[in-house]
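The values are calculated or read from the model by the stated rules, or taken from the named source; none is laboratory data. Remember, predicted model here, so these are calculated numbers, not experimental data. Methodologically, a virtual Cβ is constructed for each residue, glycine included, from the backbone with ideal geometry; neighbour enumeration extends over all protein chains shown. These accessible areas exclude ligands, DNA and RNA; they are computed on the full protein's heavy atoms, side chains included. Shrake-Rupley method; radii C 1.70, N 1.55, O 1.52, S 1.80 Å.
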Amino acid sequence: MYKYIEAAKIALASILSHKLRSFLTLLGVIIGVAVVTAVATVIEGANVYIKEKIATLGSGVFSLQKASVTSFGDFQKFIDAMRRNPDLTLDDLAALREQIDLADQIGGTDGSARAVKYSNVVLESVGVNGVTPNMILLTSVEREWTGKRLSEMAETWKVEPVDAAVRILRANPRDSIQGRYLSESDDEAHRNAAFIGSEVADGLFQEADPIGKEIKVGSETFTVIGVAKKLGSVLGQSQDNFVQVPLNTFMKTFGKRSSNSFRIIIRARKDVPVERVQDQVRVVMRSRHKLNYNQPDNFSIATDEVTEQLFGAITGTVAAVAFPVVGISLVIGGIVIMNIMLATVTERTREIGIRKSLGATRRDILVQFLVESAMLSGFGGLIGLLLAVALMLLVGRVAPVPVAIPLWAPAVAIGVSTLTGIFFGIYPANRAARLDPIVALRAD
């Protein structure tokens, strides 16, 4: 152990005595580690973002839709399915609600982008969504409060689960809403009620209270009954730029027609595996679409797991391409280190001769130069890692780029850079160890 400590001291003294040369030598390793870490950070950030922001249905919840992309590379199949498959309808929603007994909640949603106006203020391209009132339960799955399930709270308060969910949201400052959410009576009576996002509220009303105000959605007038909590953005796209209206009102106002964007959201009962509910849904839909046993489904069932697998396949492909490409810079950095170490051996030939004449073995000389090479590249890896972390944290603050530093990144960055130094330092170290001490002492 003492030999390694002594070798590390000699290596550190050598590195510090040639600071500029050492830095220029490490430039390739620094850039390589920085880029690899940055790519890993973006990919890890994307994976975390998908779980937290995009895959939002939760456990036991799935959606029924006209078509969906179920795996990486199936985009053409998705396009073909969108052309071929029949649209989902409100009748499908009604049939599922009537025949599916294994589901806890079944809701529907449709939408399009429209202009929204209040007084002289007009907001363009606002997402206008028709939703069933239980959508608040399906998109915020099984919220809990004071340790009790939502259904238990609804029973205690003697209200509908939707109303219980709203009450819970109001009670939690982190998830608070203003006003109320859409109700079953709003949907059944085709009321022109609107639940709006915080961005729409800020854009139309500034400091004024939006509750009870009338807004124009397209050419139709709606009364604002509630404002959602601020949700933020996903991949740079605002999640607060929306207006939700009762689904029946949406269909009545904007056309009683089926839509490519109409989806049915289903949540399995707590005691039922989600696969059984999906099978039951599949049986009902195949019967409604009059499909024979040998015909494939002409509808799609999507879950968060499928979404995560899809995006995981995409990020995995990016990683498989990116890491080898940026790894080339590490190889280049290793070659530079080998060249510098060869020059160092030549410069320190007399020093090697003196050490050998005083009893240093070939192994001692080999260890000395390998340690120096490993420390040199290890320092480069550390600098590259710190540079990448600082840069990505800065990018995460000023740009809509998901950033999450993977736990393995520091260990891999330092480990790979150090191994690079050892690998490319073997030849120079071996050459130094083989020097004849008499010849080395004669060197100028």
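To the nearest 0.05, how large is the calculated FRET efficiency for Leu386 and Lys230 if R₀ is 30 Å and r is the Cβ-Cβ distance?
Efficiency, from the Cβ-Cβ distance: 0.35.
Set the bar at 32 Å for Cα to Cα. Now go through Lys66/Lys230; Lys230/Lys290; Lys77/Lys290; Lys117/Lys230 and name every pair that lies beyond it.
Pairs exceeding the cut-off: Lys230/Lys290.
Between Phe23 and Gln206, take the C-beta separation as r, use R0 = 60 Å, and let me know the FRET efficiency to the nearest 0.05.
0.65
At a Förster radius of 35 Å, what calculated FRET efficiency corresponds to the Cβ-Cβ distance of Lys158 and Asp91, to the nearest 0.05?
0.60
Ordered by packing density, taken as the mean number of other Cβ atoms within 10 Å over each peptide's residues, highest first, how do 95-103, 379-387 rank?
The packing order, highest mean first, is 379-387, 95-103.
So how much slack lies between Val121 and Asp101, counting 0.36 nm per residue of separation and subtracting their Cα-Cα distance, in nm?
2.5 nm
Just grab the label-to-label distance for Lys77 and Val283, each label 7 Å out from Cα along the Cβ direction, in nm (one decimal).
For the pair Lys77/Val283, the computed spacing is 2.5 nm.
Take the solvent-accessible surface of the protein heavy atoms, probe 1.4 Å, and return the percent of it on region 361-429 that carbon and sulfur atoms account for.
Roughly 80 percent of what the probe reaches on region 361-429 is carbon or sulfur.
Sorted by packing (mean other beta-carbon atoms within 10 Å per residue), highest first, where do 413-421, 219-227 land?
Highest to lowest by the protection proxy: 413-421, 219-227.
Taking 0.36 nm per residue of separation and subtracting the Cα-Cα distance, what length does fully extending Ala189 through Asn430 add?
Taking 0.36 nm per residue and subtracting the Cα distance, the gain is 78.1 nm.
Quick one: length gained pulling Ser112 to Asp364 fully straight, 0.36 nm per residue minus the C-alpha distance?
Fully extending the segment from Ser112 to Asp364 adds 83.3 nm.
Under a crude label model (7 Å from the Cα following the beta-carbon direction), how far is Leu291 from Leu407 in nanometres?
4.1 nm
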